[in-house]
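Right, one structure below, let's go through it.
Read the figures in this text as sums done on the coordinates, not as results from a lab. Every value quoted in this text rests on a predicted model; they were computed, and no experiment measured them. Ideal geometry is used to build each Cβ from the backbone, glycine not excepted, and the neighbour counts take in all protein chains shown.
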């Protein structure tokens, strides 16, 4: 036992050859190639502990007890000088009596600038969901139906006086037939997006731990030293290949729409993409089998059966997340409901055109024909815009809208985690 007094406290150790952390060799398979420092002797231990316990560091990874393990990561991820600094716990303040100081001129200027930028972004998103062929089709039907009913004159009496074809129609049908189904579908699509994010997070965590088990777990008296030289690189190739196949599957175009089942051309396209899906799923099964083989190699060299069973359980968790992501990719919200909503939006102006004519002929006489046309067009465009929002979220992996899963960024971070565990 040893002891050193730091800031009035006695720090004790167990061994004169105390190591801050293990520093296995490359043959042992640890992915961190930077060696971890070893301190021998009482004076060196006391010096390192004083430095660690007394220094107020902006970044905890700069602590001398662990700093060499993070040298490679810090070198690769050094932030440019013009980037905003990260908040650090060392700068946290718990003075509840202090009042916040706000520069009104700077705060209002920033607020106004951000508001204008947000409004600009909202307009871009708004137009992005409206500019499509279906919007122009609905707009044409809406304007044509309202104009047709307005110019359709009917005789009212023997004097030959004419009146327009108009009627005061309730909008309850629209609420039940269009708006409510679209709200339900948007909610379902958003929930599916959240499930996809959860499954991707689980996949990253489980795959990283499978790789860690292959390249760092040790047993007995340094039993992993007997592993073949290619064990660790092969484990990374398998895990990275599994993630690559999953990426390819999720990035496939959507081929489960109605046209892919009911039209000759659509069925042909769906069959081609389905062939790719079947091939990828078979490759994934072979990869899972190879990962089990990695565990069997470790078992032959002395890995305890309970630890081997734990790694194989990770493989099961990994496959379950892959299947869940595949199901989210292949299945949609109810096709019949979406088809009904889509068609009803298109034919709605044919039934509600007389209502807009009724507004023109209202008793106050203040509603003009141009305003009625604008109201009819706006109503149809709003409904088709909401439908396009729901349509963009149907497949959360295609990134048709801003609310989908950023699949490229997600897998870039997954591959980055693998490289941090075992650089190559």
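Structural remarks
- Applying 1/(1 + (r/R0)^6) with R0 = 35 Å to the Cβ-Cβ distance of residue 187 and residue 309 gives a FRET efficiency near 0.30.
- Length gained when the stretch residue 320-residue 290 is fully extended (0.36 nm per residue, less Cα-Cα span): 9.1 nm
- With each label modelled as a point 7 angstrom along the Cα→C-beta vector, the residue 132-residue 205 pair spans 3.5 nm.
- The slack between residue 60 and residue 299, meaning 0.36 nm per residue of separation minus the straight C-alpha distance, is 82.3 nm.
- The mean sequence separation of alpha-carbon pairs under 8 Å and at least six residues apart, normalised by the residue count of the range 185-325, gives a relative contact order of 40 percent.
- Cα centroid separation, the range 118-133 to the range 254-284 (Å): 31 Å
- Label point at residue 72 placed 7 Å out along Cα→Cβ; residues across the range 233-263 whose backbone nitrogen lies under 13 Å: 233
- For a label point 7 Å along the Cα-to-beta-carbon line of residue 197, residues of the range 111-126 with backbone N under 16 Å: none
- Counted residue by residue at 0.36 nm each, then reduced by the alpha carbon distance between them, the extension gain from residue 221 to residue 259 reaches 7.4 nm.
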